[in-house]
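Below is one structure, written out as structure tokens, with a few remarks after it.
The values are calculated or read from the model by the stated rules, or taken from the named source; none is laboratory data. Not measured: the values here are computed from a predicted model. FYI the Cβ positions are ideal-geometry reconstructions off the backbone, even for glycines, and counts take in every protein chain you see. Protein only, heavy atoms only, side chains kept; ligands, DNA and RNA dropped before computing areas. Shrake-Rupley method; radii C 1.70, N 1.55, O 1.52, S 1.80 Å.
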Amino acid sequence: MLFSAMRALVQNRDTRWMVRQLASSPHRLSKLRNIARVQWAKLRKDPTGGRGMPLIVSVEPTNACNMKCPMCPTGLDRLTRKKGMMDFDGFARLLDQIERTTLIMTFWGIGESTLHPRLYEMIGMAKKRGIFTMLTMNGTNFAPEAILDSGLDYLVVSFDGTREESYSPVRRGGSLQHAIDGVRAIAAERSRRGVQYPRINMGFIVTRLNEDELAHLDEFAKEIGFDAVRPKYLHTITKENAEELRPTRPELVGRVGQEGPGRMLDVDIPGIDKVLAPNGCGLLWEYAMVFQDGTLAPCCYDWDATARLGNAFDGDFAASWHGPAYTEFRRRVTHEKSSMELCKHCEGGDISVFFSDTFLLNR
């Protein structure tokens, strides 16, 4: 996994761009030291995490959403966690503890982050601490000036269709024209200020409704104002969206959990083989998922937080990261993954998943 992460750094243009930004950030020496500690602990499979702290921290501003997308637990109303907004003071306390070690902070989870009333203030706080910031939005709630004022580095806007016929059945509750206008407004504001941030990327989950749009997707995206397109496999999590949305071309059908992290919501889905994954997942040494109430979960695919590994807003974050719950979870994933319902069909990943495996069609 260490070698695949290094290969992603060398080969992926987004990663090289991020590294250049981080090279001039505050605390860069302590962050380099932390990278070494994390990789050493991961290489030794130290279940305590050794002396390392997470390189990437995902925070979920909210688990509420204003869309009803058919491939999302929130959109399907199958999320059992209580809906809410992340406590701003709790976020600030967390940031105080991790600013010297965190490379990247992503603002996403199982909800629409732009619904949080203080989202851009949170992003700005992280950015001022020298942390590279990433945001995903569904294209319903644009605030170009606030986005630019926050200093956001990397923005993904989910489209999943270039025509209303392909967009609306997937992005239920959104408007394609509204999303197009919003991206153009951000690009125009960026140009007006003469800056290069945020990098604007199109999120594009490939379905049978939009697979014929791939050939001209780059042209469509650049005309709007996107810097790049990120086609992604449909992680088919229900029988219904397997029947309605699975692409017809075999090469566009990803294997859930076997080509990057993934998870199905329904137990048995025709056409998807459930294969026991090999032991291990490097993300447990490199990545922390903080849900809106502070709950620490192993990753975003544990959307109902069935494996609660602590709370990032209660006391010392490092104590949770190196504590008994995380230690036992790492040990089990490393040695007895087949006994874990949450993880046994997921191959896991490492830091490179954010730059390559997340966007599988670009490999």
Tell me, which residue of segment 216-269 that is among the hydrophobic types (A, V, I, L, M, F, W, C) and in a strand (DSSP E or B) is nearest to Asp77 (Cα to Cα)? Val229
When segment 174-207 is examined, which residues are found to be of a type in the set (S, T, N, Q) and surrounded by fewer than 20 Cβ atoms within 10 Å (Cβ to Cβ)? Ser175, Gln177, Ser191, Gln196
Name the residue that is most open to solvent (accessible area, probe 1.4 Å), counting only residues in segment 108-123 that are assigned to a loop (DSSP other than H, G, I, E, B) and not small (Gly, Ala, Ser). Pro117
Given the structure, is Pro278 open to solvent by 20 Å² or more (accessible area, probe 1.4 Å), farther than 22 Å from Glu240 by Cα and not charged (D, E, K, R)? yes
Assigned to a loop (DSSP other than H, G, I, E, B), of a type in the set (D, E, K, R) and either over 21 Å from Glu347 (Cα atoms) or modelled with pLDDT of 85 or more (or both), is that true of Arg208? yes
Would it be correct to say that Asp87 is at negative phi and either of a type in the set (S, T, N, Q) or surrounded by fewer than 20 Cβ atoms within 10 Å (Cβ to Cβ) (or both)? yes
Could you check segment 320-340 and list, in sequence order, the residues that are open to solvent by 60 Å² or more (accessible area, probe 1.4 Å) and either among the aromatic types (Phe, Trp, Tyr) or without any contact (Cβ under 8 Å) to a residue 12 or more places away in the chain (or both)? Pro324, Arg332, Ser339
In this structure, does Asn210 turn out to be open to solvent by 10 Å² or more (accessible area, probe 1.4 Å) and either of a type in the set (A, V, I, L, M) or in contact with a Lys or Arg (Cβ under 9 Å, 6 or more places away or on another chain) (or both)? no
Being open to solvent by 10 Å² or more (accessible area, probe 1.4 Å) and touching a strand residue (DSSP E or B) at 6+ places or on another chain (Cβ under 6 Å) is the filter; apply it to segment 124-173 and report the residue that is farthest from Thr102 (Cα to Cα). Ser158
Could you say whether any residue in segment 109-117 is over 15 Å from the mean Cα position of the chain (by Cα), on the phi > 0 side of the Ramachandran plot and of a type outside the set (S, T, N, Q)? no
I'd like to check something: does segment 240-248 contain any residue that is more than 16 Å from Pro70 (Cβ to Cβ) and among the small types (Gly, Ala, Ser)? no
